[in-house]
Amino acid sequence: MDEVKKPGKPLIYYYVIAMLVLMLFNSLVMPMVARRQIQNVDYNTFVSMLDKGEVGQLQIQKQENRVLFTDKENKTVFKTALVDDPDLVERALSSGASFAGEEIEQMSPVLGFLLSWMLPVLLFVGIGQLLSRRMMNKAGAGSMMFGMGKSNAKVYVKSSSGILFSDVAGEDEAKENLKEIVDYLHNPEKYREIGAAMPKGVLLVGPPGTGKTMLAKAVAGEANVPFFSISGSEFVEMFVGMGASKVRDLFRQAKEKAPCIVFIDEIDAIGQKRDGRIGGNDEREQTLNQLLTEMDGFGGNTGVIILAATNRPDSLDPALTRPGRFDRRVPVELPDLKGREEILKVHAKKIKTAAGIDFGKIARMASGASGAELANIVNEAALRAVRDNRRQAEQADFEESIEVVIAGYQKKNAILTDAEKRIVACHEIGHALVAAKQSASAPVQKITIVPRTSGALGYTMQVEEGNHYLMTKEEIENKIATLTGGRAAEEVCFGSVTTGASNDIEQATKLARAMITRYGMSGDFDMVALETVDNRYLGGDSSLACSAETAAEIDRQVVALVKQQHGKACAILKENRVKLDALTDYLYEKETITGEEFMRILNG
Ligand code: ADP
Ligand code: ZN
C-alpha cells in the first residue's frame, strides 16, 4: 500500500515565508553582491595603462581621494590613490578613456535589474511550483497552485499487499454484511439490471480498536478498488467553509476514481446532532450540510460507497442516518472468546512462537479485550521474549503481557475480573430464565457477557415473534418481571446486589409508570391521561398533567407494581435454582449462549 502523508500547513504560509526571505535578500545581500570586485593598483601602473590606451572608463573621486577605472572591455574595476597630477584629465582624454557618467563600481544596470528583480521572481515561482507539485502528489489531485481547502484524503491505491477479509479475524457478522458490497463492486450490472440500488453509506459502529478501519480496507481490498480515507476531524478547519470545500473536493476525486471506497473515520466529529444551540459550531454544521448534499447528489449506482466509523452512533444527526444516506449500520463488537482466539492466532503468525501455545487459555484470560489490545498483547509477548534473550515467545510471555496490556487499559475499558464475570453471567441468565418461564414473554435468542458499546456488561437478545404493536397488561407485567430478573438472580445466588442493574431499573420504572399514567392499567385512575408526551420524535419526554396529590399516589403505585414483579421474579428463580446455576456456569465458561443451547440446558 503506498500510503502517503498528508501535507502540513496550507501553501499560503510557504509563500509568505518565501516573500520575507526574498525581501531580506534584496535589502541586505543584494547591495553587497551588486558591487563589483575592485582591484588595487599603484599610480604608475595606472599611468602606464593610460598611456597604452588600455583604460576604458574612468572616474575621479576627489572626496574619497581615489581614481576608479576599468579596462577597455569594461570587465575589471581598478582603484588607485589620487595623486596631485594636473595633466591627468588631459592625458586621459587623449588616451581615449571616457569619463564615466555613473558610479562605475556598480554593475551594469541590466545585470543589476536582472539580479535584484528577475532572480527573486524566478525563485519565488520556482519554490511555489516545487511545493505545489509536492502537494499535488500527496493529494493525488489535478493541477492546483494553492492548496487551501483541498481535501487531504489519503489515497490508498490497491496493491498486492491489500488487506483482505481473511486478515480480519472473527467479526463474522460484520463481514457477512459487507460481503454484499464487495459483490456489488465486482458485479454492479447484476444489481443494476434488477433495479436495486446499493446503500450509499454504511456505518461501522463499535468500540475503538475492534477493526473498523481494517474492515473498510478489506472491502476495498476484496473488491480491488481504490480506497480513500479521511478522518472526520480533518474536515473541521479553522475557517468557516474550508471543511465544506474539502468535502466537495473529496467527492469530486472519488467520483473520478469510481468504483471506489471512501472511508470516513470518526464521523461523529462532523456528524453530531445539530441542535440549534446559539453559538453552535458553524463550521461543523456547514461541513455536515455539504456532506448531506453530496450524498444526495450522486445516484445509488455510481459505484462510490461511503463507509464511516464511529463509536458514538447515538450522537449522530438523524439526517445522516436516514435512508439514502448512512442507512445501513454494521455493528463491530468486541470479540467473544472464539473471536479473541482467532485474532490472537492471526497476530501470532507474525512473530516466532514456541510450539504448543494454548491460545484458548490466553483468550479466556483476556476477557473483554479488543482486537487492537490483543494485537498489542502478542507484540508485548514478543518484546518480553527478546528482553529475556530468547528466540521464541512462550506461553508465559503471553500470559504476562496480558497483565501489562490490560493493566494499562483497565481504566479506559471494561475488562471484567473473574468475580465480576460470574456476577454478570448470573445476572444475564436471571433475565433470560425469568423470561423463559413466563410463557407470554419472547424467548431468548442469544446472551453474551462481552462488554458492549452501550456500556452494558452483558446483553440478552430477545426475538419478538412477528409484528407486535399491542401489548396486554400481563405482557407488560411480565416484561417488568424479566427486567427485575437480573437483580433478582444476584440476590438469589450471591445474597448481595451490584450497580449492574441501573439500566434495568430505569426501564422497569418507565414501563410501570407508563402503565399507570398513559395506558390506564392501574384500576384507580381509569382512563384518565395523567401524563402528556411532549416531543414524540425527539426523545419523547413526558410531563405530568395532574395534581401533586395524584403524583404522589402515582409514585406509590409505581413502587408497588415494580415490587410485586420483582417478588415474582425472585420466586421463579428460587424455584429453578439448579437450572440457574447450571446456565450461569455455562455462560461463564463460554461467554456466549444461544437460544437453543439455553433451552436444551433448561429442559434437559
Ligand atoms: P478501529 O478502526 O475499530 O479503531 P482498527 O481497524 O484501526 O480499529 O484496528 C486496530 C488494530 O487492531 C489493527 O491494525 C489490527 O492489528 C488489530 N485488530 C483489530 N481487530 C482485529 C481483528 N478482528 N482481526 C485482526 N486484527 C485486528
Ligand atoms: Zn440487567
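The values are calculated or read from the model by the stated rules, or taken from the named source; none is laboratory data. As the structure is a computational prediction, the values presented were derived from the model and not from experiment. FYI the Cβ positions are ideal-geometry reconstructions off the backbone, even for glycines, and counts take in every protein chain you see. Protein only, heavy atoms only, side chains kept; ligands, DNA and RNA dropped before computing areas. Shrake-Rupley method; radii C 1.70, N 1.55, O 1.52, S 1.80 Å.
How much net charge surrounds C570 when only other residues with a Cβ under 13 Å from its Cβ are counted (Lys, Arg +1; Asp, Glu -1)? Show your work: numbers first, answer last.
Values: positive: K437, R487, K563, K568, K574, R577; negative: E490, E491, E575.
Net of charged neighbours comes to +3.
How charged is the neighbourhood of E294? Take every other residue with its Cβ under 13 Å from the Cβ of E294, and add Lys/Arg as +1 and Asp/Glu as -1. Intermediate results must be reported in sequence, preceding the final value.
On the way: positive: K200, K246, R248, R252, K255, R325; negative: D249, D296.
Computed value for this residue: +4.
Of the accessible area of segment 284-404, with the probe set at 1.4 angstrom, what percent is carbon plus sulfur?
Working: 2590 of 5420 Å².
Accessible surface attributable to carbon and sulfur in segment 284-404 totals 48 percent.
Among the listed pairs K345/K446; K217/K257; K175/K257; K190/K217, give every one whose C-alpha distance is greater than 18 Å. Before the final figure, lay out each step's value.
Values: K345/K446 26 Å; K217/K257 16 Å; K175/K257 24 Å; K190/K217 24 Å.
Pairs exceeding the cut-off: K345/K446; K175/K257; K190/K217.
Quick one: Cα centre-to-centre distance for segment 249-268 and segment 320-365, in angstrom?
27 Å
If packing is taken as the mean number of other Cβ atoms within 10 Å per residue, what is the order of 199-206, 60-67, highest first? Numbers along the way, then the final one.
On the way: 199-206: 23.8, 60-67: 12.9.
Result, highest mean Cβ count within 10 Å first: 199-206, 60-67.
Can you tell me how much longer the chain between V497 and A552 gets when fully stretched, taken as 0.36 nm per residue apart minus their C-alpha distance, in nm with one decimal?
Working: separation 55, 0.36 × 55 = 19.80 nm, distance 2.76 nm.
Between V497 and A552, full extension yields an extra 17.0 nm.
What accessible area per residue comes out for segment 296-370, rounded to a whole number of Å², with a 1.4 Å probe?
On the way: 3200 Å² over 75 residues.
Heavy-atom SASA per residue in segment 296-370 reads 43 Å².
Using amide H atoms built in the peptide plane, which far-off residues or other-chain residues are under 5 Å from I38 H to H?
Amide H neighbours of I38: none.
For the pair S94/K75, report the inter-label distance in nm, with labels modelled 7 Å from Cα in the Cβ direction.
For the pair S94/K75, the computed spacing is 2.9 nm.
Taking H as built 1.01 Å from N, whose amide H comes closer than 5 Å to the amide H of V262, not counting residues under 5 places away?
Long-range HN contacts for V262: F228, I305, I306, L307.
Place the peptides 244-254, 516-526, 580-590 in order of packing, highest mean first, counting for every residue the other Cβ atoms within 10 Å and averaging per peptide. List each step's numbers first, then the result.
Working: 244-254: 21.3, 516-526: 15.5, 580-590: 18.7.
Result, highest mean Cβ count within 10 Å first: 244-254, 580-590, 516-526.
Modelled label-to-label distance, Q63 and A196, 7 Å Cα→beta-carbon offset: nm?
9.3 nm
Please get the size of the charge dipole for segment 221-371, origin at its Cα centre, with Cβ charges of +1 on Lys and Arg and -1 on Asp and Glu, quoted in debye to the nearest 20. Walk me through the numbers before you get to the answer.
Numbers: 22 positive and 22 negative charges, 122 e Å.
Roughly 580 debye, rounded to the nearest 20.
Using the basic label-point model (7 angstrom from Cα toward the beta carbon), what is the V386 to D585 distance in nanometres?
4.5 nm
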